[in-house]
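Taking it in order: structure first as structure tokens, then the write-up.
Here, each number is a calculation from the coordinates, and none is a lab measurement. None of these values were measured; they are calculated from a predicted model. Quick reminder, even Gly has a Cβ in these numbers, built from the backbone with ideal geometry, and neighbours come from all protein chains shown.
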Amino acid sequence: MAASKGRIILVGGEKGGTGKTTIATNLAALRATTGRDVVLIDTDPQGSASGWCLTRDEAGITPRIASVQKFGKGLARELEDLSLRYQDIIVDAGGRDSVELRAAMTKAEVLVSPVQASQFDLWTLKALDELVRQAQGFNPELRTLLVISRGPTHHQVTDAKDAAELVGDYDTFTLAKSVIRDRTIYRRAAGLGQGVIEFAEPNDKATQEVQQLYKEVFGDE
Ligand SMILES: Nc1ncnc2c1ncn2[C@@H]1O[C@H](COP(=O)(O)OP(=O)(O)OP(=O)(O)O)[C@@H](O)[C@H]1O
Ligand SMILES: [Mg+2]
């Protein structure tokens, strides 16, 4: 029987500062604590995801999470290779619509696309819809999960409801049930090379929302 290939999870979108690296590193930390062999791919020249891995290594935090920086079109081929060597490949696709984002979309099983509540508008959704349609020409199985990220901790009901109404018009993506709220604990954990799961109390709200998102991304496996 052929060895099963690693799962490729992509975190990306066309806007900067939406929380992509925060989500990618937190998913990686959670996944690694289940004993899986995880690699985090950083396609951003700013290197924040690989910097997080380095900080983690220097602090001796286990489980260790491998990281690779990779730029350019060759990323698609690299992902194929890495999927033979790792159980999970989590790609942090930098801050904008890039060659790397498009290349990774042709290989990923899921695109997790964080959007800030304040940017949750028709233009953002239209752009994402187009991007996903193009990628589906190469990768029909691609699933896209839109996540409200850095959401304010108040107006919980209205922003989720408004977002659900806007997203209802598109069949290229679904709105995640989990919302990642703006909480200082995300920044404090990241600064130490940790995920909130490692930094916070088990019943902390941030831990709970990250765990919920994790389930939506990875399913039960
Ligand atoms: N849920 C959150 N709560 C609090 N702070 C957050 C949250 N998500 C992200 N941040 C902070 O916001 C800033 C941008 O987040 P992050 O680096 O994850 O975004 P990004 O989408 O990866 O940005 P870029 O487009 O530059 O790659 C960082 O300082 C980060 O710590
Ligand atoms: Mg980033």
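Order these by the 10 Å Cβ neighbour count, fewest first: Y170, Y86.
Working: Y170 16, Y86 21.
Least crowded to most crowded, the residues run Y170, Y86.
For a distance above 21 Å, tell me the whole-number percent of Cα pairs in the range 1-116 that qualify. Mind dumping the intermediate values first?
Numbers: 1936 of 6670 pairs.
In whole percent, the share of Cα-Cα pairs in the range 1-116 beyond 21 Å is 29.
Excluding L10 itself, what net charge comes from residues whose Cβ is under 11 Å from its Cβ, given Lys and Arg +1 and Asp and Glu -1?
+2
Remind me, relative contact order of the range 7-218 in percent, using alpha carbon pairs under 8 angstrom and six or more residues apart? Could the numbers behind the result be given before it?
On the way: 401 pairs, mean separation 55.1, N = 212.
Here the relative contact order equals 26 percent.
Kindly put W123, W52 in sequence by how many other C-beta atoms sit within 10 Å of each C-beta, fewest to most. List each step's numbers first, then the result.
Working: W123 9, W52 29.
Fewest to most other Cβ atoms nearby, the residues stand as W123, W52.
Using only the Cα atoms of the range 102-208, each taken as one equal point scatterer with no solvent, compute I(q) by the Debye sum, divide by I(0), and report log10 of the ratio at q = 0.18 Å⁻¹.
Results for the range 102-208 at q = 0.18 Å⁻¹ read -0.94.
Once each part is reduced to its C-alpha centroid, what is the distance from the range 185-221 to the range 46-108 in angstrom?
Between the Cα centre of the range 185-221 and that of the range 46-108, the gap is 19 Å.
Which order do E100, E216, E221 fall in if you start with the one that has the fewest other Cβ atoms within 10 Å?
Working: E100 26, E216 15, E221 7.
So the residues, fewest neighbours to most, are E221, E216, E100.
What's the long-distance tail for the range 85-133, i.e. % of Cα pairs beyond 11 Å?
On the way: 878 of 1176 pairs.
Tail fraction, whole percent: 75.
Taking just the alpha-carbon atoms of the range 150-220, what radius of gyration and Dmax come out, in angstrom?
In Å, with Rg to one decimal and Dmax whole: 13.8, 40.
Averaging the inverse of every distinct alpha carbon separation and then flipping it gives the Kirkwood radius. What is it for the range 7-218, in angstrom units?
Numbers: mean 1/r = 0.0588 Å⁻¹.
Across the range 7-218, the inverse of the average 1/r is 17.0 Å.
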